[in-house]
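**Q** The structure is given below, and queries will be raised subsequently.
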Amino acid sequence: MFNMAQLVFTFTVFNKFYCMIQLSFWEKESFFAPQDIIIVGSGFVGLWSALQLKLKNPAYKITILERGIIPTGASTRNAGFSCFGSPSELLADVVSMGEDKMWQLVEMRYKGLMEIRKHFTEASIEYDGCGGYECFTSESDDWNDSFKKLDWLNKGLQNITGHKNLFTITDEKISQFGFRGFDHLIENRLEAGLHSGKLVQVLLQKVQGLGVQVLTGIEVKSYQSHHHGIELETASIAYEGNNLSFTTGQLLLCTNAFTRQLFPTIDIIPNRGQVLITAPIDNLSFKGTFHFDKGYYYFRNVGNRLLLGGARNKAFELENTTDMQTNEIIQTALEEFIQQHLLPGITYTITDKWSGIMAMGSEKSPIIQSISSNVYCCVRMSGMGVALAPFVAKEIATLMN
């Protein structure tokens with residue numbers, strides 16, 4: 001059996017030996033060969049973009065570079081909502097970005113959600129067409145506005161979805177769900193839940209099956225255009241000490257909240273979203289996806305567990321960060337919300353807490369643009385990456401040569 005000194009010595013020798021490894025001729029000619037397109041980021045946007053680019057031109061040589069072992073942003077760290085906006089959120093968007101842009105954004109989200117179901121079975125992503133709800137209290141300043149404008153919202157949504165009266169008032173379900181302190185519910189029967197991790201997995205399998213190479217543990221530090229293409233400077237834990245460079249004809253940044261590290265002037269503000277989940281709860285009385293307070297709180301059942309996230313409006317400045325750690329102010333607010341509204345008088349145990357980093361900005365519309373010659377970005381999903389990624393991927397694939 002090794003003692004601690006032997007283990008340290010063994011690791012040090014191994015690490016020095018490993019870091020001295022030089023790329024072989026075969027590796028340079030395959031894994032690290034020049035590419036037609038390199039995508040930075042293997043979250044929803046990066047994977048969907050690779051898929052659409054391959055469908056556009058199967059001959060493209062495409063590599064995705066991911067700095068984490070798995071996607072490290074929001075794609076596998078969200079709440080697993082398949083949604084396109086609650087009533088109060090949509091009305092708030094009208095105020096902040098105008099009616100036309102709000103409807104454009106809803107249409108993007110809805111079409112994106114339809115694209116997911118076109119490519120993947122419900123079982124493969126644990127899609128649950130459970131329906132969604134927005135909760136209100138009588139004191140909520142957004143209830144009266146949502147109530148008065150419900151018909152207007154429904155007419156606009158019918159133009160996009162083809163469904164009449166998509167939002168309906170279902171106050172009678174409050175007691176059925178066992179909630180306390182809510183006075184009104186508005187139901188959206190098209191909303192659903194899904195398994196974010198499994199959606200990333202099946203996307204990854206699909207693009208790899210089409211010949212897309214995905215390399216993890218590689219962080220892109222900078223890029224520079226040359227006459228022979230775009231050269232990327234990277235850092236890698238496994239190849240520390242080597243000058244790992246990649247060359248590509250086109251570069252696509254799908255780094256969402258982390259894009260400013262490569263493009264400092266872009267209109268992006270990182271926002272941390274914190275989430276928790278409980279152990280199974282006997283006879284959990286509600287099923288569905290739920291929103292409260294203009295979408296700042298969101299919760300759902302995962303089987304007979306409660307998943308709850310949000311509350312960043314309790315400490316906006318603290319949550320404008322790329323730090324993945326959870327914040328006790330937010331976690332306390334979430335637990336108080338459970339006790340006050342969702343599981344009053346019920347004993348529960350929180351098994352997991354985590355956070356993901358979203359990309360916000362001066363408005364909610366995604367940024368899909370050319371940065372410079374042959375360099376593009378597709379970022380700022382504003383917390384709706386599940387829905388938006390399949391749509392914006394088509395847009396960026398069209399924009400790229």
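**Q** Round to the nearest 0.05 the FRET efficiency obtained for K221 and A279 when R0 = 60 Å and r is the Cβ-Cβ distance.
**A** 0.90
**Q** Please arrange V392, V94 by how many other C-beta atoms lie within 10 Å of their C-beta, fewest to most.
**A** Working: V392 26, V94 17.
Ordered by Cβ neighbours within 10 Å, fewest first: V94, V392.
**Q** If you take the beta carbon distance between D267 and T247 as r and set R0 to 35 Å, what does 1/(1 + (r/R0)^6) give as a FRET efficiency, to the nearest 0.05?
**A** With a Förster radius of 35 Å, E is 0.75.
**Q** Related question: At 0.36 nm per residue, minus the direct Cα-Cα distance, what do Q340 and T322 gain on full extension? Give it in nm, one decimal, please. Mind dumping the intermediate values first?
**A** On the way: separation 18, 0.36 × 18 = 6.48 nm, distance 2.99 nm.
Using 0.36 nm per residue and subtracting the Cα-Cα distance, I get 3.5 nm.
**Q** Modelled label-to-label distance, A238 and S373, 7 Å Cα→beta-carbon offset: nm?
**A** Result: 3.4 nm between the two label points.
**Q** For the chain, what does -39500 (n - 2.57) per DSSP helix run (n ≥ 4), summed and divided by total residues, give at 222 nm, in deg cm²/dmol to the nearest 500?
**A** That comes out to -10000 deg cm²/dmol.
**Q** Something else about it: Please go through the residue pairs K61/K364; K111/K149; K198/K314; K148/K294 and name each one whose alpha carbons sit more than 26 Å apart in this structure.
**A** Exceeds cut-off: K61/K364; K198/K314.
**Q** So, one more: Using a Förster distance of 22 angstrom, determine the FRET efficiency expected from the C-beta separation of T332 and S138, and round it to 0.05.
**A** Once rounded, the FRET efficiency stands at 0.30.
**Q** Using alpha-carbon positions, what is the distance between the centroids of the stretch 242-312 and the stretch 91-135, in Å?
**A** One Cα centre to the other: 15 Å.
**Q** Continuing with this model, one more query. Among the aspartates and glutamates, which fall within straight-line cross-link reach of K173, defined as a Cα-Cα distance under 20 Å, with same-chain neighbours fewer than 8 residues apart omitted?
**A** By straight Cα distance, K173 reaches D128, E134, E139, D142, D183, E187, E191, D282, D293.
**Q** For the stretch 154-216, rounded, prolate or oblate, judged on the Cα gyration tensor with a ≥ b ≥ c (square roots of eigenvalues), a/c < 1.5 rounded, else prolate if a/b > b/c? Walk me through the intermediate numbers first.
**A** Numbers: a/c = 5.04, a/b = 1.99, b/c = 2.53.
Note, shape of the stretch 154-216 comes out oblate.
**Q** By count of other Cβ within 10 Å, fewest leading, how are H226, H291 ordered?
**A** Going from sparsest to densest Cβ surroundings: H226, H291.
**Q** DSSP beta bridges in the chain, what fraction antiparallel, as a percent rounded to 5?
**A** Taking every DSSP beta bridge within the chain, about 70 percent pair in antiparallel fashion.
**Q** Here's another thing I want to ask about it. In straight Cα distance, which aspartates and glutamates are under 18 Å from K221, not counting same-chain residues fewer than 8 positions off?
**A** E66, E231, E233, E240
**Q** Need one word for the stretch 116-201: rounded, prolate or oblate. Basis is the Cα gyration tensor (sqrt eigenvalues a ≥ b ≥ c); a/c below 1.5 gives rounded, then a/b vs b/c decides.
**A** oblate
**Q** Compute, for the stretch 256-399, the length of the dipole vector about the Cα centre, with Cβ point charges of +1 (Lys, Arg) and -1 (Asp, Glu) only. Units Debye, rounded to 20.
**A** In total the dipole reaches around 340 debye.
**Q** Explain nothing, just the number: relative contact order of the chain, from Cα pairs under 8 Å at least 6 residues apart, as a whole percent.
**A** Result for the chain is 24 percent.
**Q** Once you sort the root eigenvalues of the Cα gyration tensor of the stretch 26-90 as a ≥ b ≥ c, which label holds: rounded (a/c under 1.5), prolate (a/b larger than b/c) or oblate (the other case)?
**A** Note, shape of the stretch 26-90 comes out oblate.
**Q** Among [x] 19; [y] 23; [z] 26, find the value of percent of Cα pairs over 39 Å apart that was calculated from the structure presented, and write down its label.
**A** Here the calculated entry is [y].
**Q** Of the chain, which part is the longest with no GluC sites (Glu not before Pro) in a loop (DSSP not H, G, I, E, B) and with at most 11 other C-beta atoms within 10 angstrom?
**A** 241-401
**Q** What distance in nm lies between label points placed 7 Å from Cα along the C-beta direction at D352 and D171?
**A** For D352 paired with D171, the spin-label model returns 3.8 nm.
**Q** With labels modelled as points extended 7 Å from the Cα through the Cβ direction, what inter-label distance (nm, one decimal) is found for E231 paired with S24?
**A** It works out to 2.6 nm between the two label points.
Values quoted throughout were computed directly from the atomic coordinates according to the rules given, and no laboratory measurement underlies them. Keep in mind it's a predicted model, so treat the numbers as computed, not measured. Counting neighbours? That spans all protein chains shown, and the Cβs are built from the backbone with ideal geometry, glycine included.
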